[in-house]
Amino acid sequence: MTLDELKKAVGWAALKYIRPGTIVGVGTGSTTAHFINILASLKHKIEGVISSSEASSKKFQSLGIPLFDLNEMESLDVYIDSADEINSKMQMIKGGGAALTREKVIAAVARKFICIIDSSKLVKVLGAFPLPVEVIPMARAWVSRELVRLGGSPVYRQGVVTDNSNIILDVHNLAIIDAVALEETINNIPGVVTVGLFARRVADVVLISNEQGIKIID
Ligand code: 5RP
């Protein structure tokens, strides 16, 4: 199976977590792009979606799936999204697609976070994938110096402006042992909007696709 086929297969597996008549939170990226296409086949059975990015919103609009505003919602049943890395505690690195802030907000509101991945995303220790940090533009140099002080090597993601008009620093060379502490430390640097470490709000269910089929960690 190709990587694309694995991503599609795990998208199909996520459908069983959607209750008819509900509003579904949906992430961003190539795995969720497959899921969005699959969700279109159910579009008359759901009320609509909460989108985590302008890119995903465009896809929903082109498929005729109604978009809802998170501010109008008191709760959300499920959030379905992928990750760049995930460990055995279901802690994740996210933000490869620069949508980490909206993703983290929707994940916080959702009762269940269903993480859909191919098996290449499973790791023992988080940090081989450079950790994305969304930063307000005027704080870029200061936040970079603070990230170096923490032992990382931040790289400015050239040419990328987030949906919130901010920039991304990708932090290389971190072996993340205490993910909860690092999430808090980086979030507390003035100028940081969000770090793409999801250590406090972990996934509730992980669906992993590989050559043998779908494995579920619940
Ligand atoms: C976007 C994300 C994505 O979930 C993550 O980058 C995985 O993407 P893909 O499915 O393309 O591998 O966090 O901000």
Inset, instruction - Among the residues of region 188-218, write down those that are in a loop (DSSP other than H, G, I, E, B) and touching a residue at least 24 places away in the same chain (Cβ under 8 Å). - result: Ile189, Pro190, Gly191, Gly196, Ala199, Arg201, Val202, Ala203, Asp204, Glu211
Inset, instruction - Return yes when Ala40 is within 16 Å of the ligand (Cβ to nearest atom) and either within 11 Å of Ala110 (Cβ to Cβ) or in the same structural domain as Ile106 (by TED's automatic domain parsing) (or both) and no when it is not. - result: no
Legend entry - Top-ranked residue of region 52-73 - restricted to ones that are closer than 12 Å to Ile23 by Cα and assigned to a helix (DSSP H, G or I), ranked as farthest from the ligand (Cβ to nearest atom): Glu72
Inset, instruction - Evaluate the following for Val133: is it β-branched (Val, Ile, Thr), surrounded by fewer than 18 Cβ atoms within 10 Å (Cβ to Cβ), in contact with a strand residue (DSSP E or B) (Cβ under 6 Å, 6 or more places away or on another chain) and under 19 Å from Gly191 (Cβ atoms)? - result: no
Legend entry - Residues satisfying the stated conditions in region 74-85, i.e. among the hydrophobic types (A, V, I, L, M, F, W, C) and either within 13 Å of the ligand (Cβ to nearest atom) or over 22 Å from Val206 (Cβ atoms) (or both): Ile80, Ala83
Legend entry - Total residues in region 86-122, condition assigned to a strand (DSSP E or B), over 19 Å from Thr22 (Cα atoms) and within 9 Å of the ligand (Cβ to nearest atom): 5
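The values are calculated or read from the model by the stated rules, or taken from the named source; none is laboratory data. Being a predicted model, the structure only gives us computed values, none of them experimental. Virtual Cβ from ideal backbone geometry, glycine too; neighbours counted across all protein chains shown.
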